[in-house]
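K.L.:
Take this structure first; my questions come after.
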Amino acid sequence: MVEERVAALSTRSIKREAKMWALRAAISMTDLTTLEGMDTRDKVRQLCHKAIRPDPTDFSIPPVAAVCVYPNLVGAAAEVVGGSAVKVAAVSTYFPSGQAPLDLKIAETTQVVADGADEVDMVIDRGAFLAGDYVKVFAEVAAVREAAGDACLKVILETGELGSYDNVRRASTLAMAAGADFIKTSTGKVSPAATLPVTLVMLESIRDFYRNTGRAVGMKPAGGISSAKQAIRWLVLLNETLGLEWMTPQRFRFGASSLLNDLLMQIRWLGTERYQSPDYFTRA
Amino acid sequence: MGERLAVRKTYKLYIDGGFPRSESGRTFPVVSDDGSEVVHISRASRKDLRMAVRAARAALAGWKGRSGYNRGQVLYRIAEMVEDRAATFAAQLELGGSSAEDARGEVGEAIDLLIWYAGWCDKYMQVVGNMNPVAGPFFNISVPEPVGVVGVIAPSAPVLRGLVAGLAPVVSSGNTAVVVASPAQPMIAITLAEALATADVPAGVVNILTGFPEELAPWLAGHMDVNGVDFSGVHPEGISDLEEAASHNLKRTGRWEGSDANLYRISAFTEIKTVWHPKGR
């Protein structure tokens, strides 16, 4: 059922004005991400400049929603994007595994917020979840929620490790009930990462949670979304499931790195009617 | 056993080492010179062109990373494969109106041309490059390097020799090619693609599209990920618009008539890199 609905929606053709709208919306919803062991402060600074002004030749392009970095690099990111519309998101709770004692996870979260993170992307303990210890998972999310204070809390379910749609649904509801502002598919370190069917299951959980509690929770697919064409499929799914109210960076994000340049290339293609080359876009 | 049913070949495009139909599903009919035979040929769209450029870009690093000597071996291998299909090529040229003698002659010339360019693969840089005299204790060396992805609008006549004269010099220096064949006798381009596919040419190094050059050439000339275009198959009246489109990313362009074995057809799609190297006193 889930796959059939996704397949049907994926064939929808989005052209011209609607496509341009979608491309620009996708940029403003992007969490521009770098999560590599070899990240440096300078690389993060460069990424932040790109986040603020994605295309230096076109000032009409909106900034991205946030940059997403490792805890060590929160300070470097905050120095550059401070005062701009771009937020700093830090992965936390011993990303990507989440296999650490709770007090360490809380300490890490407190630290990244103190260093200037506006948003915290935490991981759930999949081991505990799969072992059926839902109480532990719930308690950890709730504790990190408290440690994060006013920061926006995104909870990564790592759906590629959860095994079934039922588990995805269960983990989504659990994370929302424990206080998540966003639920997020993946760390990007596990394959499969974000897929459309898993996203649909999560969007439907968000819809039902909203109906039951009145609290609107955001969605963040992350990992493997690298082309504008894919991004538009996600936006179609979002629009069909949660509607226009969710088509905003406050309620929807893409966790991505190479997606941004493809969006920029597509926008320039629509403007020039010339096929574009990555040679003419800045790297981040 | 009764009379056999005819088994006729479907002529398709050649992109990334495979033979897909046009994504648009379109074809166009080509009638033989005496009207006895009609062949339906794939009519490539701009999206097929885009896929071909993408394949050529992906194949570039591997192909230009090969030694010139090795590229020469591959070009020689293409000549062997064309020789093997000489009768097929000649028959197809005859369908287009060539006499049997002219057809055989053109096939031979095309093969010899491939051998000629095969020889240049590891020699053109000695002729096009230079050791420059400088006032200082340095070697100053200029070497040609391939520009990247090169489009070729092939001429309508001579069709086989024109195709070879378009693609052989482009790939000899390490470029990858997207060839738009003339709609006059496009079966020959696809038969050539079959020779290429069996000649150790890596997938994507040569891509061949059949269709209408007036439809495809503007997209090729304007494509920002294409680094050069051979306009030999373009009518002189159409060239200025294409040159303008090609100027946006400073593509190398060229147009040659009746000069198939020509070193400038190689050097036109190279750029010169000059390096300084200290030599002591």
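K.L.:
In the range A:249-284, which residues are within 14 Å of chain B (Cβ to nearest Cβ), charged (D, E, K, R) and either part of a helix (DSSP H, G or I) or closer than 16 Å to A:Ile232 by Cα (or both)?
P.N.:
A:Asp262, A:Arg268, A:Asp279
K.L.:
Taking the condition surrounded by fewer than 18 Cβ atoms within 10 Å (Cβ to Cβ) and aliphatic (A, V, I, L, M), does B:Ile272 pass? Give the derivation first.
P.N.:
On the way: surrounded by fewer than 18 Cβ atoms within 10 Å (Cβ to Cβ): yes; aliphatic (A, V, I, L, M): yes.
For B:Ile272, the condition - surrounded by fewer than 18 Cβ atoms within 10 Å (Cβ to Cβ) and aliphatic (A, V, I, L, M) - is met.
Residues checked against (1) more than 19 Å from A:Ser227 (Cα to Cα); (2) among the hydrophobic types (A, V, I, L, M, F, W, C); (3) touching a helix residue (DSSP H, G or I) at 6+ places or on another chain (Cβ under 9 Å); (4) in a helix (DSSP H, G or I):
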{"site": "A:Ala26", "(1), (2), (3), (4)": "no, yes, yes, yes"}
{"site": "A:Leu32", "(1), (2), (3), (4)": "no, yes, yes, no"}
{"site": "A:His49", "(1), (2), (3), (4)": "yes, no, yes, yes"}
{"site": "A:Pro54", "(1), (2), (3), (4)": "no, no, yes, no"}
{"site": "A:Pro63", "(1), (2), (3), (4)": "no, no, yes, no"}
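K.L.:
(1) out of contact with any helix residue (DSSP H, G or I) (no Cβ under 9 Å at 6 or more places or on another chain); (2) over 21 Å from A:Leu235 (Cα atoms): which one isn't true of A:Lys154, the others all being true?
P.N.:
Result: A:Lys154 passes all but (2).
K.L.:
Evaluate the range A:93-112: report whether one residue or more is farther than 20 Å from A:Ala222 by Cβ and in contact with an Asp or Glu (Cβ under 7 Å, 6 or more places away or on another chain).
P.N.:
Residues of the range A:93-112 that are farther than 20 Å from A:Ala222 by Cβ, as a first pass: A:100-104, A:106-107, A:110-111.
Within this subset, residues satisfying the condition of being in contact with an Asp or Glu (Cβ under 7 Å, 6 or more places away or on another chain) are A:102.
Within the range A:93-112, one or more residues are farther than 20 Å from A:Ala222 by Cβ and in contact with an Asp or Glu (Cβ under 7 Å, 6 or more places away or on another chain).
K.L.:
Kindly list the number of the only condition in (1) more than 14 Å from every other protein chain (Cβ to nearest Cβ); (2) more than 20 Å from A:Asp166 (Cα to Cα) that fails for A:Asp208.
P.N.:
That leaves (2) as the condition not met.
Okay, residues lined up against (1) of a type in the set (A, V, I, L, M, F, W, C); (2) in contact with a helix residue (DSSP H, G or I) (Cβ under 6 Å, 6 or more places away or on another chain):
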site	(1), (2)
B:Ile208	yes, yes
B:Trp219	yes, yes
B:Asp225	no, yes
B:Gly228	no, no
B:His235	no, no
B:Asp260	no, yes
B:Ile266	yes, yes
B:Phe269	yes, yes
B:Pro278	no, no
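K.L.:
Consider the range B:102-148. How many of its residues are of a type in the set (Ser, Thr, Tyr) and over 28 Å from B:Thr191 (Cα atoms)?
P.N.:
Final tally of qualifying residues: 2.
K.L.:
What about B:Thr10, is it polar (S, T, N, Q) and in contact with a strand residue (DSSP E or B) (Cβ under 7 Å, 6 or more places away or on another chain)?
P.N.:
Spelling it out, it is not the case that B:Thr10 is polar (S, T, N, Q) and in contact with a strand residue (DSSP E or B) (Cβ under 7 Å, 6 or more places away or on another chain).
K.L.:
Moving on to the next point. Considering A:Ser92, A:Ser172, which residue is polar (S, T, N, Q) and either more than 18 Å from A:Tyr70 (Cα to Cα) or out of contact with any Ser or Thr (no Cβ under 7 Å at 6 or more places or on another chain) (or both)?
P.N.:
Result of the check over A:Ser92, A:Ser172: A:Ser172.
K.L.:
Looking only at the range B:239-259, filter to residues that are within 14 Å of chain A (Cβ to nearest Cβ) and farther than 16 Å from B:Glu214 by Cβ; which one of those is surrounded by the most Cβ atoms within 10 Å (Cβ to Cβ)?
P.N.:
That would be B:Lys251.
K.L.:
Does A:Ser227 satisfy the criteria of being small (Gly, Ala, Ser), at negative phi and within 14 Å of chain B (Cβ to nearest Cβ)?
P.N.:
yes
K.L.:
Test each condition in (1) surrounded by 24 or more Cβ atoms within 10 Å (Cβ to Cβ); (2) β-branched (Val, Ile, Thr); (3) away from chain A (no Cβ under 14 Å) for B:Val226 and report the one that comes out false.
P.N.:
For B:Val226, the failing item is (3).
K.L.:
Let me ask another. Just give me the residues in the range A:211-228 being under 20 Å from A:Ser186 (Cα atoms) and either more than 12 Å from the chain's Cα centre (by Cα) or hydrophobic (A, V, I, L, M, F, W, C) (or both), in sequence order. Please lay out each step first, then the result.
P.N.:
Within the range A:211-228, the subset under 20 Å from A:Ser186 (Cα atoms) is A:217-228.
A:Val217, A:Met219, A:Ala222, A:Ile225, A:Ser226, A:Ser227, A:Ala228 - these are the residues of the range A:211-228 that are under 20 Å from A:Ser186 (Cα atoms) and either more than 12 Å from the chain's Cα centre (by Cα) or hydrophobic (A, V, I, L, M, F, W, C) (or both).
Rule-based calculations on the coordinates, nothing more; no lab input. These numbers were taken from a predicted model, which means no experiment stands behind them. Reconstructed Cβ throughout: ideal geometry from the backbone, glycine too, with neighbour counts over all protein chains shown.
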